[in-house]
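Asks: Below you'll find the structure I mean.
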Amino acid sequence: VQLQASGGGSVQPGGSLRLSCAVSENIFNFNAVGWHRQAPGKERELVAEINVGGKVTYADSVKGRFSISRDNAKNTVYLQMDGLKSEDTALYFCKANILSRAFWGQGTQVTVSS
């Protein structure tokens, strides 16, 4: 299983970015696909995920600003990030779960700075 993350970059506070996670297999093979992030000196945390039934989960810190979606035909999951804040600066990782197994993509850096 391979997950290819892309879309990171540098933006000013209030800006937007869209991350993409292309999965090498049918995304419906997985219980959930989502995004985690890790800031320097902090633990990795869940940002958002979408499960096989379409239920979405967001970290409280991003609710109302971030939106996760998927393109089933492309086996791709997106994270639309609006209203970015400096505290959103982190390395963002794509993750896919099959029962107790987790597959991680490489990180994509998001930097929010004026």
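The values are calculated or read from the model by the stated rules, or taken from the named source; none is laboratory data. Keep in mind it's a predicted model, so treat the numbers as computed, not measured. No Cβ is skipped: glycine too gets one built from the backbone with ideal geometry, and neighbour counts run over all protein chains shown. Surface areas here come from the heavy atoms of the whole protein model, side chains and all, with no ligands, DNA or RNA. Shrake-Rupley method; radii C 1.70, N 1.55, O 1.52, S 1.80 Å.
Asks: Sort GLU49, GLU43 by heavy-atom solvent-accessible area, probe 1.4 angstrom, most to least.
Replies: Output order, biggest surface exposure first: GLU43, GLU49.
Asks: Here's another thing I want to ask about it. Grab the beta carbon distance between ASN51 and ASN26, set R0 = 22 Å, and tell me the FRET efficiency rounded to 0.05.
Replies: Step by step, r from the Cβ atoms, then E = 0.90.
Asks: Pulled fully out, how much extra length does the chain show between LYS85 and ALA39, if you take 0.36 nm times their separation in residues and subtract their Cα-Cα distance?
Replies: 15.3 nm
Asks: Taking Cα pairs under 8 Å and at least six residues apart, what relative contact order does the chain come out at, in percent?
Replies: Worked out over the chain, it gives 37 percent.
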